[in-house]
Amino acid sequence: MATSSQLPWSIVAGDVFRTRITWYQGVDDNGDPSGPVNLTGYAGRCQGRLSAAATPASWEVDDADIGGVTLGGVAGTVDVELTAEITAALAGQRGVWAVELTEPGGQDLELLRGEWVCESGIVYDDPEPEP
């Protein structure tokens, strides 16, 4: 069974946001990750809110969305992608997010959660043309 952990996300408004999470079975005696959890047959979703109790969600993506949540089967990876349209709508906001997986038998589990903040990116001026 997974133990949910905390991880902060820094999102740039108007940019595509991507992150990869690898779920390992545990750690060995040296503290190194053991083999990844096989996510074949799992479903995944990721949701963000302005606070844990806020409704509706600020955004939600799942494994049916383009980008969204992509599970890596035997590699144990969970890729989350928020489109530029989603991040543009989050400009200047902050909140909490969670990744939830559904096991092949239908059991839901929260894999990971954390806080997110979405700020405007740096806008670079074009240099003045030389005379």
Can you list residues whose amide H is under 5 Å from D63's amide H, if they're 5+ apart or on another chain and H is modeled 1.01 Å from N?
G44, V69
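When 1/r is averaged over all different Cα pairs and the result inverted, which Kirkwood radius in Å belongs to the chain?
16.1 Å
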Table column - 3J(HN,Hα) (Hz), segment 102-109, Karplus curve with 6.51, -1.76, 1.60, x for Gly and Pro:
10, 5, x, x, x, 6, 8, 9
So how exposed is T70, as accessible area in Å² (1.4 Å probe, rounded to 10)?
70 Å²
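In whole percent, what relative contact order does the chain give with Cα contacts below 8 Å and a gap of six or more residues? Could you put the intermediate results ahead of the total?
Details: 296 pairs, mean separation 44.7, N = 131.
Value for the chain: 34 percent.
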From DSSP H assignment alone, runs of 4+ in the chain each adding -39500 (n - 2.57), the sum over residues rounded to the nearest 500 puts [θ] at 222 nm at -1000 deg cm²/dmol
Just subtract the alpha-carbon distance of Q25 and D108 from 0.36 nm times their residue separation and send over the number in nm, one decimal.
28.1 nm
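The values are calculated or read from the model by the stated rules, or taken from the named source; none is laboratory data. Small disclaimer: the values here were computed from a predicted structure and weren't measured. With ligands, DNA and RNA removed, areas are computed over all heavy atoms of the protein, side chains included. Shrake-Rupley method; radii C 1.70, N 1.55, O 1.52, S 1.80 Å.
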